């Protein structure tokens, strides 16, 4: 089987291996176990891999480099328009030889792949929509178009579109799905936390506006100023790094807030085994892996009600749902901290639920999708 991937994920080549964002690569390597040939259409950067990049594992990878397209400014828009014919032709040429077409959406490459796949109604296809599938969510027009086209049973044939969350009134193209980080062998009985001692909070994710890391810091700061014993570690990197560092120093928070940058998966895993709370007040998510990872080890997630997060947290039974407002969020958390017994129960429910979503279960579902 020639398995074709069309993705916007940026890649790097080193020592004859192709590297990309590790969580995505780990997932794709599971798909690769069951195919003979892999063909990738994606941007390829001339740079060195970072600590959060990982290598594909397959002996027969054909990489089709295409230019990156960006529409965030007029000059970039014009340049990208001239690149489109090359990219579309590359996608068409590769799809003609494909046995299975796999689209990674939403994104600019995913959008082009969605358009070209219409020309191949008999080809077996899957699409992974890693963003927010909530029909009521405010999203860019290109995202809404991809959702419409992937759902359309008239234009898009022979496809299974994998989405996060269980949404009403979906077409037969749509399949509720999940993702995973840990195996059955990694299941452990979570550590029993003492919620009367210093409360450890952790933020894991890109330090970008959409993840709201500054709000996470301000929430912990407010709890501290109100007499709570708290500590926050932030893991990740991004354009807000310097701004966050300045905020911590300016407000003399060095004793309770640490910004630790990108770390290896195993480092974060050990942190999640010990921390009391994961805090992620994002603007938008798909299936936030870090929330499921924290729950796996009994850490209680504190998150905003976006995408399928309310479902993951059972609408407040196995996590704390907050508003993206400092005062409201702090009041909600303080209310939860008043009931230590309920926090222990919430932790137990979180791990019990998350430990059903293992890589073993994920791989079983992938095999079903690849069957002719």
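Which angle from 0 to 90°, rounded to the nearest 10, does the C-alpha axis of helix 265-274 make with the longest principal axis of the chain?
30
Which value in deg cm²/dmol, rounded to the nearest 500, describes the helix-derived mean residue ellipticity at 222 nm for the chain, given -39,500 (n - 2.57) per DSSP H run of n ≥ 4 and division by the residue count?
That comes out to -11500 deg cm²/dmol.
Efficiency by 1/(1 + (r/R0)^6): what FRET value for residue 82 and residue 155, r their Cβ-Cβ distance, R0 = 35 Å, to the nearest 0.05?
0.85
On the principal axes of its Cα set, how long, how wide and how thick is the range 185-354? Give whole Å, largest value first.
Largest to smallest, the principal-axis extents are 40, 33, 27 Å.
Just the projected area, averaged over all directions, of the convex hull on the alpha carbon atoms of the range 13-104: how many nm²?
Projected over every direction and averaged, the Cα hull of the range 13-104 covers 6.9 nm².
Counting alpha carbon pairs within less than 8 Å and at least 6 residues apart, what relative contact order, in whole percent, applies to the chain?
14
Provide the FRET efficiency to the nearest 0.05 for the residue 249-residue 122 pair, computing r from the beta carbons and using R0 = 51 Å.
It comes to 0.25.
Would you mind pulling out the separation of the Cα centroids of the range 141-157 and the range 23-101, in Å?
Here the two parts' Cα centres lie 21 Å apart.
Before anything else, pin down the relative contact order of the range 185-354: Cα pairs under 8 Å, at least 6 apart, normalised by residue count, whole percent.
24
Testing the spin-label approximation: label points 7 Å from Cα along Cα→Cβ at residue 1 and residue 176. State their distance in nm.
The modelled label-to-label distance comes out at 2.5 nm.
Angle between the Cα long axis of helix 213-225 and the longest principal axis of the chain, 0 to 90 degrees, nearest 10?
Computed tilt is about 10 degrees.
Under a plain spin-label model, where a point goes 7 Å from the Cα along Cα-to-Cβ, how far apart in nm are residue 209 and residue 10?
In this crude label model, residue 209 to residue 10 measures out at 1.8 nm.
Does anyone have the angle between helix 108-117 and the longest principal axis of the chain? Alpha-carbon axes, 0 to 90°, nearest 10?
Helix 108-117 and the main axis of the chain meet at about 40 degrees.
Please give, to one decimal in nm, the separation of the simple spin-label points placed at residue 63 and residue 239, each 7 Å out from Cα toward the Cβ.
In this crude spin-label approximation the distance works out to 2.6 nm.
Please compute, over every Cα-Cα pair in the range 166-237, the percentage with a separation greater than 15 angstrom.
Percentage above 15 Å: 72.
Just to verify a number: FRET efficiency for residue 189 and residue 265, C-beta to C-beta distance, R0 = 22 Å, to 0.05?
0.55
Classify the range 228-298 as rounded, prolate or oblate, taking a ≥ b ≥ c as the square roots of the eigenvalues of its Cα gyration tensor: rounded when a/c is under 1.5, otherwise prolate if a/b is larger than b/c and oblate if not.
prolate
Taking only Cα atoms of the range 327-372, what ratio of Rg to Rh do you get with Rh as the Kirkwood inverse-distance radius?
Radius of gyration relative to Kirkwood radius: 1.34.
By how many nm would the segment from residue 225 to residue 51 lengthen if fully extended, with 0.36 nm per residue of separation less the alpha-carbon distance?
That pair, residue 225 and residue 51, stretches by 59.1 nm at full extension.
Once you sort the root eigenvalues of the Cα gyration tensor of the range 41-153 as a ≥ b ≥ c, which label holds: rounded (a/c under 1.5), prolate (a/b larger than b/c) or oblate (the other case)?
Cα axes put the range 41-153 in the rounded bin.
Readers should treat all values here as calculations from the given coordinates under stated rules, not as data from a laboratory. Here the structure is a predicted model, which is why all the values come from computation and not from measurement. Ideal geometry is used to build each Cβ from the backbone, glycine not excepted, and the neighbour counts take in all protein chains shown.
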